[in-house]
Amino acid sequence: MKKPNEVFIPGALPNSTYITRMMESGFTYEERLKQALNVSGYLTLISGPSKIGKTVLCEKVIGLDHLVEISGSDMLDSSGLWTQIGMKAGMPREGTTKSGDQRRDYMEETYYLTKESVLNYFKDHDLVLLMDDFHYASEEMQVFMAQQFKDAIRKGLRIIIASLPHRVDDTIRTNPDLQGRISIIDMLAWSKTDLEQIPQKGFEELKMAVPAEIIDKLAKESISSPQLMQLICLNICILAESRNLKEIDDSLLKDAFRFSTLNLDYEKVANVIQKGKSSRGQKRSVYHTETFGDLDLYGLILEALVLDPPFASISFEDLCTRIIKLIQDDSKPAVNSIKSYLKNLQEVLNSCDRSYEVLEWKDNTLYILESLFLFYLRWGRGDKHAA
């Protein structure tokens with residue numbers, strides 16, 4: 001029988017618990033990606049929320065031996081784009097070729113990586129380039145890569161760009177150089193039924209009985225993230241084994257939730273959100289809550305995220321409802337004040353490094369860009385904050 005860490009794999013391609021999902025069109029995402037990769041001269045764009053399985057889908061369809069993965073955060077210098085891609089594929093940065101012999105016609109020539117040599121190498125070795133987290137590259141670098149990739153796909157390079165749905169539209173979807181040359185795969189959030197298949201398949205393989213109500217709670221707390229589901233299930237197994245338990249109950253489940261946050265380093269991010277933008281000496285209005293005492297609007301926004309049910313995005317109206325629910329006195333913040341605080345909060349997060357890109361306020365909607373951050377808020381800050 002397999003070990004738990006062979007069944008539940010949070011950070012890589014799972015075999016036992018890989019779930020094939022259906023698109024709204026009735027075809028699987030795997031079929032759609034295979035189709036896209038077989039259309040010559042097209043760039044493939046996979047758009048979907050963080051931790052939804054974009055990379056795992058590529059690894060499953062293409063295979064690890066034929067996939068070259070690069071992060072948008074690595075793309076800092078336009079002059080070194082193809083050098084980085086080639087080196088990631090295993091090509092030497094430079095080398096020496098020799099011909100002839102020492103007595104006659106001997107030639108020694110130094111060569112360097114070029115765009116053409118990289119394209120030929122990918123073609124000869126049947127490789128596919130995956131530019132993951134494309135949104136992490138600067139806007140200027142995104143535009144440059146889009147221009148370079150147009151020529152590369154025309155010459156036979158198969159390229160996949162993976163990014164968040166509301167971060168890549170301007171650079172890729174509406175880029176005039178790529179119009180008519182893009183295969184777009186919009187990955188939808190995981191349904192509750194799809195998420196439930198992970199623990200159902202995994203625990204069955206491990207011969208562990210799990211009540212339906214436990215699986216229901218697992219699906220809820222996974223926040224549409226198969227990676228988070230894999231992590232929680234693995235930690236359930238670790239705790240159950242260490243405590244010699246044969247059944248999974250609510251007590252073990254809550255411990256597993258808290259246990260799963262031990263490697264989530266979001267305390268500084270939560271503190272930055274709660275502190276918000278400098279008030280420059282002006283006193284902020286505070287509101288009384290039953291659980292957390294007096295909070296200003298930044299604190300209320302943070303704690304409103306924790307309330308049930310967890311979400312991947314929330315409308316402004318629903319967020320306001322949550323904020324009002326937390327307040328126990330008659331004072332209520334004005335709608336414009338809440339919007340102003342959200343705008344200021346976005347400015348604060350934008351001024352920090354990329355590890356703080358966990359929320360985005362855009363088009364009257366608050367997006368959770370990082371499901372692990374919301375999970376941390378719900379379970380990683382002690383009993384007072386636990387969901």
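Computed from the coordinates by the stated procedures, all read-outs in this text should not be read as laboratory data. Keep in mind it's a predicted model, so treat the numbers as computed, not measured. Every residue, glycine as well, gets a Cβ built from its backbone with ideal geometry; the counts of neighbours run over all protein chains shown.
Result for the chain in a Gaussian network model with C-alpha springs under 10 Å: among SER337, SER71, SER47, the largest mean-square fluctuation is at SER337.
With θ taken as phi - 60° and the Karplus curve 6.51 cos²θ - 1.76 cosθ + 1.60 applied, the whole-hertz 3J(HN,Hα) list for region 132-147 is 7, 6, 4, 5, 6, 6, 5, 4, 5, 5, 4, 5, 4, 5, 4, 5 Hz, x standing for glycine and proline.
Comparing GLN197, GLN147, GLN282 in a Gaussian network model of the chain where C-alpha atoms under 10 Å apart are linked, the largest mean-square fluctuation is found at GLN282.
Amide H contacts under 5 Å for ARG158: LEU129, restricted to partners 5 or more places along the chain or on a different chain, H placed in the peptide plane at 1.01 Å from N. What's log10 of I(q)/I(0) for the chain at q = 0.06, 0.08 Å⁻¹, Debye sum over Cα points only, no solvent? Debye intensities relative to I(0), on a log10 scale: -0.30, -0.52. Kirkwood's formula applied to the C-alpha pairs of region 1-152 gives a hydrodynamic radius of 18.1 angstrom. Would you please state which residues of region 40-84 a label at ARG173 would reach in this model, taking the label point 7 Å out along Cα→Cβ and a backbone N cut-off of under 17 Å? From region 40-84, the list is 43-50.
Can you give the calculated 222 nm mean residue ellipticity of the chain, where each DSSP H run of n ≥ 4 adds -39,500 (n - 2.57) and the sum is split over every residue, rounded to the nearest 500 deg cm²/dmol?
Numbers: 15 runs with 162 residues, N = 387.
Calculated from helices alone, the mean residue ellipticity at 222 nm is -12500 deg cm²/dmol.
Close amide-amide hydrogen proximity is noted between LEU67 and VAL128, each under 5 Å apart and 5 or more residues distant or on a separate chain (H modeled in the peptide plane; Pro and chain starts excluded). Could you compute the FRET efficiency for GLU247 and ALA189, with r as their C-beta to C-beta distance and R0 at 25 Å, rounded to 0.05? Plugging the Cβ-Cβ distance into 1/(1 + (r/R0)^6) gives 0.25.
For region 264-276, putting each phi into the Karplus relation 6.51 cos²θ - 1.76 cosθ + 1.60 with θ = phi - 60° gives couplings of 9, 9, 10, 4, 5, 5, 4, 5, 5, 5, 5, 6, x Hz, in residue order, rounded to whole numbers and with x for Gly and Pro.
Near THR289, the amide H atoms lying under 5 Å from its own belong to ASP294, LEU295, GLN328; only residues 5 or more places off or on other chains count, and H is placed 1.01 Å from N.
Placing unit charges on the Cβ atoms only, positive for Lys and Arg and negative for Asp and Glu, gives the chain a dipole magnitude near 180 debye about its Cα centre.
For region 140-195, the alpha carbon positions stretch 42, 24, 19 Å along the principal axes, listed from largest to smallest.
Report the FRET efficiency, 1/(1 + (r/R0)^6), for THR291 and GLU24, where r is their Cβ-Cβ distance and R0 is 45 Å, rounded to 0.05. Spell out each step's value before the answer.
Working: r = 40 Å, r/R0 = 0.90.
Plugging the Cβ-Cβ distance into 1/(1 + (r/R0)^6) gives 0.65.
Farthest towards the positive end of the charge dipole of the chain, among the residues PHE144, MET229, ALA240, is the Cα of PHE144, using unit charges on the Cβ of Lys, Arg, Asp and Glu. Springs between Cα atoms under 10 Å define the GNM used for the chain, and in it the highest mean-square fluctuation of SER224, SER183, SER285 occurs at SER285.
For trypsin sites (Lys or Arg not before Pro), the sites in region 202-266 that DSSP calls loop and that have at most 13 other Cβ atoms within 10 Å are LYS207, ARG243, LYS246. A simple rule links phi to the HN-Hα coupling: the Karplus curve 6.51 cos²θ - 1.76 cosθ + 1.60 with θ = phi - 60°, which for region 303-310 gives 6, 5, 5, 7, 4, 6, x, x Hz, with x for Gly and Pro. One chain, two ends: ARG354 and LYS34. Fully extended at 0.36 nm per residue, the span grows by 112.0 nm beyond their Cα-Cα distance. Reported to the nearest whole Å, the Cα centre-to-centre distance from region 5-59 to region 344-383 is 25.
Diagonalising the gyration tensor over the Cα atoms of region 227-294 and scaling each eigenvalue by 5 before taking the square root yields semi-axes of 38, 15, 8 Å, largest first. Here region 268-387 yields Rg over Rh of 0.92, to two decimals, using C-alpha coordinates and the Kirkwood radius.
Could you sort out which of LYS150/LYS343; LYS3/LYS60; LYS123/LYS150; LYS60/LYS123 sit more than 26 Å apart by Cα distance in this structure? Listed pairs above 26 Å: LYS150/LYS343.
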